[in-house]
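Participant: Before anything else, here's the structure in question.
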Amino acid sequence: MALRTRFFTLTPQIPFPSSTSSSFSLLSLRRPLPRSATFSSSAAAVQTVLFVPPGVEPQEVDDSMVLPGSNIVIGPYAGDSRIKGVEFVKSSGKARDCPKDDRPEFAILGRSNVGKSSLINSLVRKKEIALTSKKPGKTQLINHFLVNKSWYLVDLPGYGFAKAPEAAKMDWSSFTKGYFLNRDTLVAVLLLIDASVPPQKIDLDCANWLGRNNIPITFVFTKCDKIKVAKGKRPDENIRDFQEIIRQNYKIHPPWIMTSSVTGMGRDDLLLHMSQLRNYWDQ
Ligand SMILES: Nc1nc2c(ncn2[C@@H]2O[C@H](COP(=O)(O)OP(=O)(O)OP(=O)(O)O)[C@@H](O)[C@H]2O)c(=O)[nH]1
Ligand SMILES: [Mg+2]
């Protein structure tokens with residue numbers, strides 16, 4: 001059976017009034033704790049509801065089980081999260097060209113330039129296995145990287161980049177239909193959100209689309225090292241604002257975590273979280 005039907009439970013449909021009139025279902029493993037948790041990152045605190053994985057009773061949770069800079073509780077399915085090897089497998093222009101085996105995979109999704117390729121390089125500790133660029137629109141194909149010969153990281157083209165060369169533009173309707181809806185080996189989408197800018201409608205719309213299609217997500221906030229902004233808000237403030245929107249609209253929060261590909265912040269913790277999702281999927 002596919003993960004998304006046996007791993008995640010659906011909440012009742014909740015209206016999503018801010019950006020679309022359609023209704024939204026959010027995915028979570030279990031009901032969240034009735035209390036909220038607070039994490040401090042520089043001055044502002046981020047309030048959130050904890051994500052409690054299978055095998056953990058909400059009343060059992062204590063602070064030592066929560067990953068720093070996240071709402072993620074680590075449970076008994078978390079395992080060895082070390083990276084022993086990574087190899088680029090292939091680039092695919094269409095979903096049907098993707099590797100055809102049963103290995104579990106995580107899709108890295110987000111706006112162009114949010115740091116998808118950089119996150120992959122940081123997770124596997126290889127400088128340029130996934131190609132990065134200051135210019136948006138660098139990644140234009142579905143790129144599969146095989147980790148520890150047992151699971152895939154998938155670097156996807158970014159959305160929200162209007163100026164991509166016509167020939168290189170992704171056909172998102174066929175892409176989403178072909179990849180997200182039919183990829184039975186998809187454990188979760190890591191939806192990357194740039195913490196150095198305020199919440200973006202396009203990211204909320206993307207979360208909305210994934211939720212409506214019962215695809216599990218983890219919000220991965222990127223660029224959390226960018227604290228020296230001349231104007232505007234700090235990453236922790238932007239993340240707090242993003243959580244506020246999520247909390248207003250949804251009863252259950254997906255897991256979320258703060259990261260930086262420059263400093264390595266959140267890298268080990270995200271890998272541990274991915275190990276618990278993968279091990280549960282694999283059982
Ligand atoms: N300060 C900072 N910069 C980052 C971080 N992650 C990525 N960047 C920078 O952001 C730019 C875009 O990074 P990429 O990893 O190429 O972004 P992408 O999401 O793969 O972009 P596309 O493939 O074009 O969709 C590069 O200049 C990176 O060096 C981060 O955590 N902190
Ligand atoms: Mg890229």
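Participant: Trypsin sites (Lys or Arg not before Pro), restricted to the stretch 202-242: which are DSSP loop and have at most 15 other Cβ atoms within 10 Å?
Facilitator: Of the trypsin sites (Lys or Arg not before Pro), the ones in loops of the stretch 202-242 whose Cβ has at most 15 other Cβ atoms within 10 Å are 228, 231.
Participant: Among residues other than residue 143 whose Cβ falls under 9 Å from its Cβ, what is the net charge (Lys/Arg +1, Asp/Glu -1)?
Facilitator: 0
Any read-out appearing in this document is the output of simple, stated calculations on the displayed coordinates, not a laboratory observation. Small disclaimer: the values here were computed from a predicted structure and weren't measured. Virtual Cβ from ideal backbone geometry, glycine too; neighbours counted across all protein chains shown.
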